[in-house]
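Single-structure report; data block below.
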Amino acid sequence: MKISVGDYLKSRARAVILFAVMLALFTCTIILGGAEPAECIYPAVVCTVLFVIFMIIGYFRYSEKLKALQEIENKMQVEPVSFPQACGAVEEEYQKMLGEALEMISRIRKDADSGRADMTDYYTMWVHQIKTPLSAMYLMIENSNIPEQTALRAELFKIEQYVDMVMQYLRLSSEQTDFIFSEHDLDKIIKETVKKFAVIFISRKISLNYEPCEQKVLTDEKWLSFVLGQIISNALKYTKEGSVSIYAENTSEAEVIIVQDTGIGIRQEDIPRIFDKGYTGYNGRGDKRASGLGLYLCRNVLEKMGDDIKIESEPGKGTKVSIIIPYMNVRYE
């Protein structure tokens with residue numbers, strides 16, 4: 001951004017006023033000394049021309065310094081910076097203070113990145129380790145004939161979901177994500193995701209209404225399955241009896257996956273904040289296990305993929321969630 005002449009003159013207003021006052025005093029002194037007014041014109045013009053030249057040179061130097069500072073601002077996030085030559089002790093001290101502040105910010109950022117990397121490594125290791133006892137528990141349940149077999153399998157599946165959420169949260173929080181976009185069969189994605197929840201449908205005695213679809217979508221299969229799984233999980237969690245319906249609709253601009261339940265619904269005042277991190281709403285406060293992360297992660301994943309999500313609900317009548325996948329709409333990061 002090039003500084004305008006008006007802005008430069010405002011920054012040098014004191015110098016302009018001082019020059020005008022000095023020129024007036026100089027002219028008055030000569031006239032009071034007995035000289036003719038006409039004799040003041042030449043020295044006044046010479047002084048004015050010199051002052052204008054001085055101001056023009058100052059304007060270009062000021063513009064160059066502003067440009068250098070703007071370049072520094074652009075580089076501050078990625079590489080070390082060197083300041084333009086200071087004009088005086090005060091500006092030199094300001095540059096010294098700013099340099100120390102930037103070094104401190106850099107150290108804090110490195111410490112934060114290191115801490116985040118350690119946390120990610122720890123939870124990654126924890127997730128892989130926890131899967132071993134979970135698999136062993138699955139085998140023990142499968143080989144037993146206890147009446148609670150189905151219920152125990154359902155609870156183990158929930159634990160696996162929470163473990164998976166930990167990993168997805170860490171991946172989504174990192175600066176780089178592993179999105180891989182390609183064309184996928186939507187019916188296959190939905191069926192494979194729903195199949196994982198079969199034990200929950202059975203244990204909760206919730207019926208599934210699924211309408212097969214033949215559409216293909218350009219998406220990341222893993223992340224779309226994660227989002228769809230979170231939505232189905234919520235539908236099952238808040239549906240005590242009735243059914244969950246899953247079907248797809250296509251518009252002129254997008255493919256829409258709809259998950260509709262007959263559960264307790266969501267209060268209208270909660271819907272605007274339902275995607276906020278940690279917000280559980282009225283239903284979540286009743287369910288002490290609610291974390292308020294599921295829908296937050298869904299929205300963030302879909303936004304990164306260029307997709308959208310909408311919720312319609314009415315207390316006591318159920319909830320309708322629409323996952324909107326625009327045709328050929330991929331955001332590369």
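The values are calculated or read from the model by the stated rules, or taken from the named source; none is laboratory data. Everything numeric in this text was worked out from a predicted model, so none of it was measured. Counting neighbours? That spans all protein chains shown, and the Cβs are built from the backbone with ideal geometry, glycine included.
One table, with the values for the structure above:
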| item | result |
| --- | --- |
| Residue check, Thr193 of a type in the set (Ser, Thr, Tyr) and assigned by TED's automatic domain parsing to the domain that holds Glu214 | yes |
| Top-ranked residue in the stretch 288-316 [being modelled with pLDDT under 90 and of a type in the set (Lys, Arg); ranked as farthest from Ala248 (Cα to Cα)] | Lys288 |
| Qualifying residues in the stretch 267-286 (those that are exposed (fewer than 12 other Cβ atoms within 10 Å of the Cβ) and at pLDDT below 80) - the one nearest to the chain's Cα centre (by Cα) | Gly278 |
| Among the residues listed as Met104, Met55, the single one being surrounded by 14 or more Cβ atoms within 10 Å (Cβ to Cβ), modelled with pLDDT of 80 or more and in a helix (DSSP H, G or I) | Met55 |
| Selected residue (criterion: nearest to Cys40 (Cα to Cα)) from residues of the stretch 17-28 that are among the β-branched types (Val, Ile, Thr) and modelled with pLDDT of 85 or more | Val21 |
| Residues satisfying the stated conditions in the stretch 226-251, i.e. among the small types (Gly, Ala, Ser) and farther than 20 Å from Leu302 by Cβ | Gly242, Ser243, Ser245 |
| Residues within the stretch 238-257 that are in a loop (DSSP other than H, G, I, E, B) and farther than 11 Å from Leu208 by Cα, tallied | 7 |
